[in-house]
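Engineer: My questions will all concern the structure given below.
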Amino acid sequence: MHNEACRTPSDGEGEPRVEAEGELAIARLHMDSGDAEHAAVHVAQALHHDPAFEQSYAMIDELAGYAAGLEELAHWFTIGEPMYLGGAIALAALRARAGQHSMALEIIGRITAMRPDLPWCAAPWFGPYLARLVTGREAAVAIGHFAGGLPDPAPEDLARIQAPWLEFARAVAAQPETTAQSLAILSTLARRIGGVGEAIAWCTRAEMMDRSGAAEGENQVGALMLGFAYRSAGRPTEALEAWERALALDPYNIDLYIDMAETCMQQDDHAQAIQWADRAMRYDPDHVKPRAVRLSALYTQSDYTDGAALAALQQLARENPEHPYPRHLLNLARQNRPWIGSVPWPTEATSGLLAQMLDGRLPSDAPFDFAPHLSITSLEAPSPNAVVRSYFPDLTVSAGDIPPPDIRVPVSTAFGTPIWSYPGGDVTEVPTVAEPSATAVAVLRAVAGPGSWSDPITAYDGSAELGKLSELDLLGLVAHIPHPDDDSWNSRWHAAPAYWARMAQAWTCLGILHFRAEEPWRRSRRRAMLLRLLFGNEDWSVDAAAFALYVSALLHEDQRPDTAAAIAARYLNATVAFGSRPTELQEPMAHVVLACSAMDPRLIAYAHEMLALKRAADRDRPANPKSLTDAEALAWANRLLTQLAAE
């Protein structure tokens with residue numbers, strides 16, 4: 001019986017027992033008309049709905065009177081392709097009825113692997129008594145089909161469904177002839193569904209038996225499985241000790257080195273995790289898993305500041321798409337890491353009000369006649385204001401004083417005119433670039449519509465279509481952020497319209513990396529465009545451009561000093577605003593700084609310091625003054641800017 005050869009019926013909306021009763025009623029009609037084969041189909045469906053319903057098994061007994069023998073009756077439950085899972089459970093019942101208990105267990109074990117959420121083991125013929133009728137190995141094979149696929153630990157509901165299997169495993173373990181390997185396999189189930197103490201006991205017994213020599217045809221896995229049982233019990237030190245004993249028996253077990261490294265990382269012992277990864281790499285230098293876990297440990301050990309380790313892990317994941325493990329570790333590394341994990345959430349006052357102002361309106365109906373007036377204590381970045389204005393063109397904004405550094409003034413125009421201007425010193429932002437074409441808008445909606453990305457390099461790959469647009473279109477998409485289409489709006493963005501805009505800008509900046517990709521980096525238009533955005537007015541587009549530069553450096557090691565210098569220069573300027581006026585740029589820029597593999601360690605430390613100051617300010621706690629004066633930060637930034645402009 002193969003997984004692909006089984007299916008489930010089209011379930012109704014009723015309770016399982018009611019559904020099963022309905023199927024049996026139909027089966028009865030077929031039997032009364034002499035059509036036993038069709039009756040068997042409906043008995044199978046009844047068993048799928050409710051494997052514990054004894055009347056279904058009673059009807060199987062009745063059907064036996066219509067069949068020429070066991071094999072014909074079994075054939076009725078396998079008619080058609082694919083076969084219902086209920087038909088398979090009927091076959092298991094028939095095999096048990098015929099005394100073929102090992103085959104019955106094999107079938108129900110495989111069915112459980114396919115749908116562990118259904119109570120197949122609640123069948124009335126299944127129970128601990130079977131332990132006296134099969135060997136320990138046969139029981140272990142049946143349990144082995146599904147136990148490893150259960151969560152560790154299993155949710156309470158799932159553990160309750162599988163409880164009869166645990167009772168059966170206990171009975172098997174109590175048999176004196178049960179071998180060490182069988183005990184170890186039984187522990188795989190027990191530790192997942194509430195029997196972790198028994199799993200430890202069974203594996204301890206198995207390891208003792210292994211010391212006397214494994215049974216014929218078996219491996220010495222007692223110590224190995226004891227380690228897993230200890231880990232499930234929250235006893236990592238004993239788990240590692242057991243695994244060291246297992247490695248003495250099989251030093252080439254690469255996966256075990258990975259388990260040990262992961263366990264050490266969970267205990268914040270990253271140095272030991274690196275050592276286990278190194279040992280694995282000595283046995284198999286080309287194996288992806290040890291390389292991945294080593295990079296993950298290095299990155300975590302550095303308090304998430306080793307940009308080189310993160311870059312190498314991302315590259316490893318990209319180069320080995322068939323191996324899910326590097327991607328898994330990368331996803332763990334990305335968690336709660338702004339920009340590395342996801343685009344930062346908009347924090348401006350205008351962004352927070354936009355969803356309320358739209359109040360269920362569709363983007364396709366914009367612009368709207370409503371003329372909102374926003375009064376804010378300090379002028380905010382141009383992009384969030386422009387997004388609100390794209391829905392409500394008559395928006396007016398009044399802001400209090402604009403303390404230095406003036407949010408409207410770009411850091412440098414050496415790389416091009418900023419995309420935002422404030423004519424006459426006004427507080428109303430005006431784009432300096434033209435609106436994008438309809439084609440460009442359609443491409444951006446297609447790329448950005450699904451939302452966030454799994455990791456930065458995957459995002460880069462996903463933005464390639466944007467790189468086919470013109471330079472005017474790309475810059476136009478940054479300044480004139482299009483609305484999502486109505487379908488995306490209804491399914492995803494209606495509750496977070498400002499976040500769509502933030503995401504769309506980020507995708508566009510990644511798309512710039514594909515623009516004329518054949519041009520040498522230092523003289524390329526893609527570098528020039530991103531630096532133009534980076535050193536413009538304080539805005540969402542600044543850290544979006546910084547992130548794109550970071551991603552480019554991930555892919556091209558020779559770009560890392562250049563991009564690190566650019567990001568550092570812009571970040572230093574952003575730190576000057578902190579403490580002088582409200583700024584939403586310093587924090588997200590700091591996270592890009594921390595991710596850069598070629599970043600000056602002094603700036604890494606300063607970014608950590610600034611993030612701590614921001615946390616203190618958010619909690620109204622006193623904090624030390626910045627370790628760099630504004631004059632020192634600007635002087636450092638200007639030196640870097642001079643270097644960049646000269647190149």
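Engineer: How much of the accessible area of segment 334-456, in percent, comes from carbon and sulfur atoms when a 1.4 Å probe is used? Walk me through the numbers before you get to the answer.
Structural biologist: On the way: 3000 of 5590 Å².
Heavy-atom surface of segment 334-456 belonging to carbon and sulfur, 1.4 Å probe: 54 percent.
Engineer: Give a residue-ordered list of calculated ³J(HN,Hα) values for segment 534-542 (Karplus: 6.51 cos²θ - 1.76 cosθ + 1.60, θ = phi - 60°; whole Hz; x for Gly, Pro).
Structural biologist: Result, rounded to whole Hz: 4, 9, x, 4, 4, 6, 4, 5, 5.
Engineer: In square nanometres, what is one fourth of the surface area of the convex hull spanned by the alpha carbons of segment 102-177?
Structural biologist: On the way: hull surface 18.4 nm².
Directional mean of the projected Cα hull area for segment 102-177 stands at 4.6 nm².
Engineer: Ordering 432, 377, 263 by how much accessible area each has at a 1.4 Å probe, largest first, what is the list?
Structural biologist: Details: 432 60, 377 125, 263 0 Å².
I get 377, 432, 263, largest accessible area first.
Engineer: Quick one: what are the phi-derived ³J(HN,Hα) couplings along segment 378-395, Karplus 6.51/-1.76/1.60 with θ = phi - 60°, whole Hz, x for glycine and proline?
Structural biologist: 8, 4, 9, 4, x, 4, x, 5, 5, 5, 4, 5, 5, 8, 10, x, 8, 4
Engineer: Per residue, what volume in Å³ does the convex hull of the Cα atoms of segment 492-647 enclose?
Structural biologist: Numbers: hull volume 18.7 nm³, N = 156.
Residue-normalised Cα hull volume stands at 120 Å³.
Engineer: Of 376, 402, which has the most accessible area with a 1.4 Å probe, and how do the rest follow in descending order?
Structural biologist: Values: 376 25, 402 50 Å².
If we order 376, 402 from most to least accessible, we get 402, 376.
Engineer: Rank these by accessible area, largest first, 1.4 Å probe: 97, 245. Spell out each step's value before the answer.
Structural biologist: Numbers: 97 135, 245 90 Å².
Order by accessible area, largest first: 97, 245.
Engineer: Okay, moving on. What are the residues whose amide H is under 5 Å from the amide H of residue 435, where those residues sit 5 or more places off or on another chain and H is modelled from the backbone?
Structural biologist: When sequence neighbours closer than 5 places are left aside, there are no close amide H contacts.
Engineer: P(r) tail for segment 525-565, what percent of Cα pairs lie past 17 Å? Before the final figure, lay out the partial values.
Structural biologist: Details: 191 of 820 pairs.
Tail fraction, whole percent: 23.
Engineer: Place a +1 charge on the Cβ of each Lys and Arg in segment 321-450 and a -1 charge on the Cβ of each Asp and Glu, then give the dipole magnitude about the Cα centre in debye, rounded to the nearest 20.
Structural biologist: On the way: 7 positive and 12 negative charges, 124 e Å.
That gives a dipole near 600 debye.
Engineer: Follow-up. Could you sort 439-446, 549-556 so that the peptide with the highest average Cβ count within 10 Å comes first and the rest follow in order?
Structural biologist: Working: 439-446: 18.5, 549-556: 23.0.
Per-residue Cβ counts within 10 Å, averaged per peptide and sorted highest first, yield 549-556, 439-446.
Engineer: May I pose another question? For segment 599-647, what % of the accessible area comes from carbon and sulfur atoms, probe 1.4 Å? It would help to have the intermediate numbers written out before the result.
Structural biologist: Numbers: 1660 of 3060 Å².
It is 54 percent, rounded to a whole number.
Engineer: Stick to the Cα atoms of the chain, pair each with every other, and give me the Kirkwood hydrodynamic radius in Å at one decimal. Before the final figure, lay out the partial values.
Structural biologist: On the way: mean 1/r = 0.0341 Å⁻¹.
Final number for the Kirkwood radius of the chain is 29.3 Å.
Engineer: Could you state the accessible area per residue of the chain in Å², with a 1.4 Å probe and every protein chain left in place?
Structural biologist: Roughly 42 Å² per residue, with all protein chains present.
Engineer: What residues have an amide H closer than 5 Å to that of residue 421, excluding those fewer than 5 places away on the same chain, when H is modeled at 1.01 Å from N in the peptide plane?
Structural biologist: 430, 432
Engineer: Helix-derived [θ] at 222 nm for the chain: sum -39500 (n - 2.57) over DSSP H runs of at least 4, divide by residue count, nearest 500?
Structural biologist: On the way: 30 runs with 371 residues, N = 647.
Result for the chain: -18000 deg cm²/dmol, rounded to the nearest 500.
Engineer: A follow-up question, please. For segment 464-535, with all protein chains present and a 1.4 Å probe, just round the carbon and sulfur fraction of the accessible area to a whole percent. Intermediate results must be reported in sequence, preceding the final value.
Structural biologist: Values: 1210 of 2510 Å².
So the carbon and sulfur contribution to the accessible surface is 48 percent.
Engineer: Which aspartates and glutamates have a Cα lying under 17 Å from the Cα of residue 626, excluding residues fewer than 8 positions away in the same chain?
Structural biologist: Of all the aspartates and glutamates, those that pass the test against residue 626 - Cα under 17 Å, at least 8 places apart if same chain - are 587, 609, 618.
Engineer: Hey, could you get me the Stokes-Einstein D for segment 268-372, Kirkwood radius over alpha-carbon pairs, 37 °C and 0.692 mPa s, rounded to whole µm² s⁻¹? Show your work: numbers first, answer last.
Structural biologist: On the way: Rh = 16.7 Å.
This corresponds to a translational diffusion coefficient of 196 µm²/s.
Engineer: Take the alpha carbon atoms of segment 555-647, find their radius of gyration, then divide it by 2.2 N^0.38 Å using N residues; give the quotient. The partial results should precede the final answer.
Structural biologist: On the way: Rg = 13.5 Å, N = 93, 2.2 N^0.38 = 12.3 Å.
Against the compact-globule rule of thumb, the ratio is 1.09.
Engineer: Right, something else. Highest mean first, what order results for 109-115, 158-164, 319-325 on Cβ atoms within 10 Å? Don't skip to the end; give the middle numbers.
Structural biologist: On the way: 109-115: 20.4, 158-164: 18.0, 319-325: 12.4.
The densest-packed peptide leads the list: 109-115, 158-164, 319-325.
Engineer: Pop a pseudo-label 7 angstrom from the Cα along the beta-carbon direction at both residue 398 and residue 623 and give the gap in nm to one decimal.
Structural biologist: 3.2 nm
Engineer: Hey, can you rank 305-317, 116-128, 497-509 by average C-beta count inside 10 Å, highest first?
Structural biologist: Numbers: 305-317: 22.2, 116-128: 18.2, 497-509: 25.5.
Going from most to least packed, we get 497-509, 305-317, 116-128.
The values are calculated or read from the model by the stated rules, or taken from the named source; none is laboratory data. Bear in mind that the values here come from a model prediction, so they are computed numbers and not experimental data. Counting neighbours? That spans all protein chains shown, and the Cβs are built from the backbone with ideal geometry, glycine included. When the accessible area is computed, the model is the full protein with side chains, heavy atoms only, and any ligands, DNA or RNA have been set aside. Shrake-Rupley method; radii C 1.70, N 1.55, O 1.52, S 1.80 Å.
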